[in-house]
Amino acid sequence: MGKYIVKVLETEYLNLDVKRFVVERPLDYNFIPGQGTEIAINKPNWDTQFRALTFTNLESDTHLEFIVKIYRDHNGVTNELSKVNAGGELIIQEAFGAITYQGPGVFLAGGSGITPFLAIFRKLHKEQKIAGNRLIYSNRTEEDVILVDELNTMLGEQLIYFFSHENTIGFSHHQIDRNYLIEAIRSFDQYFYVCGPDSFVKAISKILVDLGVQATSLVVEH
């Protein structure tokens, strides 16, 4: 598997613990929206510690973009990424991943699980093909939502927010569960895309299968 050293061109925080990285794109480097790669920091003691991150930019962009949830409670890769800014270097591998767009459907994201869907939505929005898709997006609090204005612009009324640890006027305040999905989704004969923490993916996938979603219509990262 190929490895590429890329320079960080730009960084910014989208909220308190979510950081955006714009990096160089190697010549002839390709990916499908929804896919990601393994990334390490090009500095001693960190250049062999790879973590999977998802591309959030358009396929046609001349750069690559990643949006990373930073965990400062332990001395891991994301905490070290919080110290990397423009001029630093990352190591990336070839693109991989099972989450790719198969057709209109329902996207269910938990927290930073929104990232593979961003590249998909951005492409569909650019091509004016986003109609027929819905996003159900769960976070702990309203402050945890990233790129809220862009998501609202792309999806409009087809975007539903859930906040599990906060009461916010006008939004749902509980977990995405079986009763909600039965009430909110008219047909389970369509594609369902699920991404988030392992516990979220397992729980939602089980509910969907129990409700009759075919394995071939359930798109998750294995």
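All of the numbers you see were taken from the coordinates with simple rules; none came from a lab. Note that this is a predicted model, so its numbers are computed, not measured. When we count neighbours, we look across all protein chains shown, and the Cβ atoms used for this are built from the backbone with ideal geometry, even at glycine.
Some observations on this one:
- Rounded FRET efficiency, nearest 0.05, which uses the C-beta distance separating residue 73 from residue 215 and R0 of 41 Å: 0.70
- Helix-only mean residue ellipticity at 222 nm for the chain, each DSSP H run of n ≥ 4 adding -39500 (n - 2.57), per residue, nearest 500: -5500 deg cm²/dmol
- Proximity of backbone amide H atoms, modeled 1.01 Å from N, is registered between residue 41 and 49, 91 at under 5 Å, excluding neighbours fewer than 5 places apart on the same chain.
- Between helix 198-210 and the chain: long-axis angle, C-alpha atoms, 0 to 90°, nearest 10: 30 degrees
- Rg ratio (alpha-carbon, reference 2.2 N^0.38 Å) - the chain: 1.02
- Charged-residue dipole, Cβ positions (Lys, Arg, Asp, Glu), the stretch 3-93 about Cα centre, Debye nearest 20: 240 debye
- Amide H contacts under 5 Å for residue 159, placed H, 5+ residues apart: 135
- Rounded FRET efficiency, nearest 0.05, which uses the C-beta distance separating residue 52 from residue 9 and R0 of 22 Å: 0.55
- The longest part of the chain holding none of the exposed loop GluC sites (Glu not before Pro), meaning those outside H, G, I, E and B in DSSP with at most 16 other Cβ atoms within 10 Å, is 1-58.
- The label point for residue 80 and the one for residue 62, both projected 7 Å from the Cα toward the Cβ, are 3.1 nm apart.
- Relative to the longest principal axis of the Cα atoms of the chain, the long axis of helix 115-126 makes an angle of roughly 80 degrees.
- Ratio Rg/Rh [Cα only; Rh per Kirkwood] for the stretch 114-222: 0.94
- Residue by residue, the stretch 38-46 carries 3J(HN,Hα) couplings of 8, 10, 10, 9, 7, 7, x, 6, 10 Hz when phi is fed to the Karplus relation 6.51 cos²θ - 1.76 cosθ + 1.60 (θ = phi - 60°); x denotes Gly or Pro.
- Computed extension length for residue 158-residue 129: 9.1 nm, one decimal, from 0.36 nm per residue of separation with the Cα-Cα distance subtracted.
- Cross-link table 7/123; 3/83; 43/202; 69/129, entries beyond 27 Å C-alpha to C-alpha: 43/202; 69/129
- Beta bridges by DSSP in the chain, antiparallel share as percent, to the nearest 5: 60 percent
- At 1.002 mPa s and 20 °C, Stokes diffusion of the stretch 3-93 via Kirkwood alpha-carbon radius, µm² per second: 163 µm²/s
- Size of the stretch 63-166 from its Cα atoms: along the principal axes, largest to smallest, the extents are 41, 37, 24 Å.
- Stretch gain in nm, segment residue 20-residue 96, where the contour uses 0.36 nm per residue and the Cα spacing is subtracted: 25.3 nm
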